[in-house]
Structure formats: structure tokens, C-alpha cells
Amino acid sequence: MSIHSDELYQQVILEHNKRPRNFLQLDPCTHQAEGYNPLCGDHLNVYLRVSDQGMIEELSFLGDGCAISKASASMMTAALKGKTVEEAGQLFQEFRHLLTKELDPEKDPHSLGKLTVFSGIWKYPSRVKCAVLAWRTMKGALDQEKTIATE
Ligand code: ZN
């Protein structure tokens, strides 16, 4: 990570941690799941309202955790609103590959947008679980799993 992207990363994480987007319980919702990251103690719930056409009309989260888990959840809710369930699955795949360095945002095609701020986190393997928690929980909710724990 260059000095510039490192600074940007810090800024974005701090900002989303301070003012998380869509930080509420969605009621009514069509999908919901609870996610734990025992390694760090992150614990959050993800709520989605999916239309009959498979579009994510609303999504939100609530919970407690470290700045990375919270910022990642906040950015996820902003990124997935208005996307189809299929697109959300694809974006989750890209985000996971970004975190594990299987996707290079400079070279590989992707639609991650602002989420590329998390590139470089692969250097801190324990943090990868924090960053991926909200996404795994979101996917679990869509797949009708009620509780997700990062292994
Ligand atoms: Zn964490």
C-alpha cells in the first residue's frame, strides 16, 4: 500500500466508523442474519428487503465491532442498495478476492468502486475476517442461513 492509499484507507475507515450508513434495524425486512467474528469479537446483524424481482431495495446493519468491521458493513450497505441479488453475489466474490489479493484492482476488471480502499488489508490476515464479516452475513441472509461465524 502506498502512503497515499494508506492515508485514504485510514480516513475512510474512521469516517464510516464514526457515521455508519444505514445503521438501523430494517423493519419489515425479507432477509436477516447474524454474524460473529470470534477472533476479534465483531458481532452484527444484516437486514435486507429484496423485491419480488430480486432487487435489493433496502439493506442495513446493526451491531458492535472494531472500526474495520463497522466501516466495511457501512460501505457494503451503500454499495449494494439497488443491486440485484445476483450482482450482490458477484460483488461479494470480487471483494473477497480483493481482500485475499487474488484480485488486483489496478489490473483486473471489477465493479468495486470505493470498496477498493480495502486493498492492502491482505497484509493483516486477522483483519480480513473483520472486513469480510458483514459481506458473509449478507450472503448468509440471502441464502437463508440465520447465523454466520467466520472460521
Ligand atoms: Zn474486527
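Where a number appears in this text, it was derived from the coordinates with a stated rule and is not lab data. Every value quoted in this text rests on a predicted model; they were computed, and no experiment measured them. As a convention, Cβ positions derive from the backbone with ideal geometry for all residues, glycine included, and neighbour counts pool all protein chains shown.
Want the number for Phe23 to Leu39: 0.36 nm per residue separation, take away the alpha-carbon distance, what's left? Mind dumping the intermediate values first?
Numbers: separation 16, 0.36 × 16 = 5.76 nm, distance 2.28 nm.
Taking 0.36 nm per residue and subtracting the Cα distance, the gain is 3.5 nm.
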What distance in nm separates the simple spin-label points at Thr147 and His97, each placed 7 Å from Cα in the Cβ direction?
-> 3.3
Quick calc, the chain, dipole around Cα centre from Cβ unit charges on Lys, Arg (+) and Asp, Glu (-), nearest 20 debye, gives 320
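If Lys and Arg each add +1 and Asp and Glu each add -1, what is the summed charge of the other residues whose beta carbon sits under 15 Å from the beta carbon of Ser51?
Net of charged neighbours comes to -2.
Against the 2.2 N^0.38 Å scaling, with N counting residues, where does the stretch 1-74 land? I'd like the Cα-based Rg ratio to two decimal places.
On the way: Rg = 14.3 Å, N = 74, 2.2 N^0.38 = 11.3 Å.
In units of the 2.2 N^0.38 Å rule of thumb, it is 1.27.
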Where the centroid of each part is defined by its Cα atoms, how far is the stretch 112-151 from the stretch 55-78 in Å?
-> 10
Please give the calculated 222 nm ellipticity per residue for the chain, where each DSSP H segment of at least 4 residues contributes -39500 (n - 2.57) and the sum is spread over every residue; nearest 500 deg cm²/dmol?
-> -14000 deg cm²/dmol
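Can you pull the percent of Cα pairs in the stretch 58-150 with separation above 23 Å?
Of the Cα pairs, 17 percent sit more than 23 Å apart.
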Can you give the relative contact order of the chain as a percent, counting alpha carbon pairs under 8 Å and 6+ residues apart?
-> 30
How long is the gain from Leu14 to Glu86 if the chain were fully straight, where each residue apart is worth 0.36 nm and the alpha carbon distance is subtracted?
-> 22.9 nm
